[in-house]
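Written out below as structure tokens is the structure these notes cover.
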Amino acid sequence: GAVVSQHPSRVICKSGTSVKIECRSLDFQATTMFWYRQFPKQSLMLMATSNEGSKATYEQGVEKDKFLINHASLTLSTLTVTSAHPEDSSFYICSARDRTNLRTEAFFGQGTRLTVV
Amino acid sequence: SQQGEEDPQALSIQEGENATMNCSYKTSINNLQWYRQNSGRGLVHLILIRSNEREKHSGRLRVTLDTSKKSSSLLITASRAADTASYFCATDGNKLVFGAGTILRVKS
């Protein structure tokens with residue numbers, strides 16, 4: 001099946017620094033990728049929709065200047081958490097859809113656990 | 001914002017029993033999908049049911065969809081300890097939005 005690779009799986013950073021998370025579709029091209037945030041024992045909250053070659057669409061309440069999303073190619077989207085604070089500590093998950101069929105399942109990365117100290 | 005609500009929030013059963021989880025949503029959809037998540041891991045797609053379908057089977061999984069009631073159910077038959085995980089429904093309109101999830105624990 002289709003594979004989405006997310007890197008890194010875990011990262012610890014100091015307050016005030018920035019962290020970049022990569023999401024790659026390995027064997028298909030993804031016009032659209034989604035970024036989610038998940039707090040412990042809670043569901044996935046959609047943060048933004050990343051469209052190849054254009055600006056990301058952010059959900060209400062998500063700071064676009066804090067969570068920078070770049071989708072430069074059909075196989076790569078990145079999420080940069082800028083000036084990270086302890087409250088940004090969370091599990092971040094990306095997903096991607098095959099551009100040849102947008103109405104099928106989404107494939108998920110394994111997630112990145114971010115801890116800001 | 002989350003559109004889906006799931007019940008129960010948590011379910012504990014014995015191995016071999018069936019587990020039923022329900023999902024309700026608010027807007028029109030193209031399809032509805034069920035995912036499984038083991039603790040601290042990414043999501044695994046289980047099954048997709050399209051808006052014009054009413055029931056779908058995949059192995060020990062059975063999914064129903066009632067678009068008039070905007071609800072879906074996931075049935076896992078003959079549960080196993082390895083089925084212990086969180087289960088989420090996700091509604092698919094223009095974007096994939098997840099329900100609150102059900103934490104299933106299967107005791108051996």
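The values are calculated or read from the model by the stated rules, or taken from the named source; none is laboratory data. In this text the structure is predicted, and so the values were computed from the model without any measurement. Here Cβ is always computed from backbone atoms with ideal geometry, including for glycine, and neighbour counts include all displayed protein chains.
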Point to revise | Filter result (closer than 21 Å to A:A30 by Cβ, surrounded by fewer than 22 Cβ atoms within 10 Å (Cβ to Cβ) and among the charged types (D, E, K, R)) within segment A:73-104 | key: A:D98, A:R99, A:R103
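Suppose we filter segment B:76-89 for residues that are crowded, with 16+ Cβ neighbours inside 10 Å and free of Cβ contacts under 8 Å to residues at least 60 places away in the same chain; how many remain? First the steps, then the outcome.
Just the residues of segment B:76-89 that are crowded, with 16+ Cβ neighbours inside 10 Å, to begin with: B:76, B:79, B:83-89.
This time we only want the ones that are free of Cβ contacts under 8 Å to residues at least 60 places away in the same chain, so: B:76, B:84-86.
Matching residues across segment B:76-89 total 4.
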Check your understanding: Of the residues in segment A:57-84, how many are within 11 Å of A:V19 (Cβ to Cβ) and within 14 Å of chain B (Cβ to nearest Cβ)?
Key -> 0
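Conditions tested, residue by residue: (1) more than 27 Å from B:R36 (Cβ to Cβ); (2) surrounded by 15 or more Cβ atoms within 10 Å (Cβ to Cβ); (3) in contact with a Pro (Cβ under 9 Å, 6 or more places away or on another chain).
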site: A:K14; (1), (2), (3): yes, no, no
site: A:E22; (1), (2), (3): no, yes, yes
site: A:D27; (1), (2), (3): no, no, no
site: A:T31; (1), (2), (3): no, yes, no
site: A:F39; (1), (2), (3): no, no, no
site: A:S43; (1), (2), (3): no, yes, no
site: A:M47; (1), (2), (3): no, yes, no
site: A:S54; (1), (2), (3): yes, no, no
site: A:F67; (1), (2), (3): no, yes, no
**Study point:** Breaking point among (1) in contact with a Cys (Cβ under 9 Å, 6 or more places away or on another chain); (2) within 25 Å of B:G93 (Cβ to Cβ); (3) away from every other protein chain (no Cβ under 14 Å), for A:T100
**Key:** (1)
Point to revise | Top-ranked residue in segment A:85-109 [being of a type in the set (S, T, N, Q) and either modelled with pLDDT of 90 or more or in contact with a Phe, Trp or Tyr (Cβ under 6 Å, 6 or more places away or on another chain) (or both); ranked as farthest from A:V19 (Cα to Cα)] | key: A:S95
Practice item. Please state which of the following conditions A:E63 fails to meet, knowing it meets all the rest: (1) among the charged types (D, E, K, R); (2) closer than 22 Å to B:V97 by Cα; (3) modelled with pLDDT of 90 or more; (4) surrounded by 12 or more Cβ atoms within 10 Å (Cβ to Cβ). Key: (4)
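Quick one: which strands (runs of 3 or more DSSP E) sit completely within segment B:9-108 and have at least 1 residues that are more than 12 Å from chain A (Cβ to nearest Cβ)? Show your work before the answer.
Values: elements: B:10-14, B:19-24, B:31-37, B:43-50, B:55-58, B:61-66, B:71-76, B:85-92, B:96-98, B:102-107.
Result: B:10-14, B:19-24, B:55-58, B:61-66, B:71-76, B:85-92, B:102-107.
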